[in-house]
Each structure stands twice: as structure tokens, then as C-alpha cells.
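Rule-based calculations on the coordinates, nothing more; no lab input. Keep in mind the model is a prediction, meaning the values are calculated, not measured. In this analysis, Cβ positions are derived from the backbone assuming ideal geometry, glycine residues included, and neighbour counts consider all displayed protein chains.
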Amino acid sequence: MATTRKAPAKAPVAKATPAKAKGKFNAADLPETGTVQFRQNGDYKVSLRALGTFAKGDPTNTAHVKALVHLGWVKPGGVNSASKSPAFTTADNADLPASAWAVGEPAGPQIAANLQALAEAGAPVEALDTLWAAYLGL
């Protein structure tokens, strides 16, 4: 009489997930003083282009990218001031959460919130990390 043997159970395979780690983009890590704008350090434009390509066709993700474009012009420790730029207008009209977009409030927490929102949406990790490094001044 032949016995059949069951194959051993396979260990569950971890699925790849977007960078969702809370605190990865911690606003407290951003510089609070300085004369340069956030956008002037690192590989800013290439990363923003990659995020823009990722966000294309999704109004909310596009607004997060445009918010980052506008907030990148803010000096470290500055506030999100109104402007007439297309990036400002897109973000301002998008109904983003207050954590990601609030005129007259500090830019640093908004930068972190927009990067986190894009990470949770599955944006390219390399672009997010490179842009974060630019904001950190690395």
C-alpha cells in the first residue's frame, strides 16, 4: 500500500510594498536655518520628473508632486507662502489634506507629508529618497 506524502508547507512570501514606513520622511530632520532653498541641493529635477511621470493621470498624486515643486522654493525653516506659480495653483486647488498643504504654515512638515503620501501611493522609492536627500541638503 503506497502512502502519499504532502509537500511541506511553503513559508509565506513577503510581497513587495511601497515605502510606507512612518517616520521615513521626518520633518524634524529637515534643516530649519539657512539661506539656500530646499530645491538647490541634490538631484532635485530628475527626481521630480520621475515623480511627475508616476503621478500622471492621478490628480491627487499630481497635486502632491506640484506641492513639492512649490515647497522646494521655500527657504529652510520658511512657511508655505502663496504664489502665482502653476505648481502652487495646482496644489492649492487640489483639496490636499492640511498636513500636506497649508498656506502660511511651515513648509518642512508639508514636504514630509507629500513625500509620505507619494510613498504610500507606490511612487518610485529611488526618486523619493533622492528628493528627500535634496531637501536634507545631503
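When a/c reaches 1.5 or more, the comparison of a/b and b/c decides; with that in mind, is the stretch 58-138 rounded, prolate or oblate per its Cα gyration tensor?
oblate
Going from the residue with the fewest nearby Cβ atoms within 10 Å to the one with the most, 95, 129 rank 95, 129. When peptides 27-39, 43-55 are ranked by their average number of other Cβ atoms within 10 Å per residue, the highest-first order is 43-55, 27-39. Under 14 Å of direct C-alpha separation, and excluding same-chain neighbours fewer than eight residues apart, residue 66 reaches these aspartates and glutamates: 58, 92, 95.
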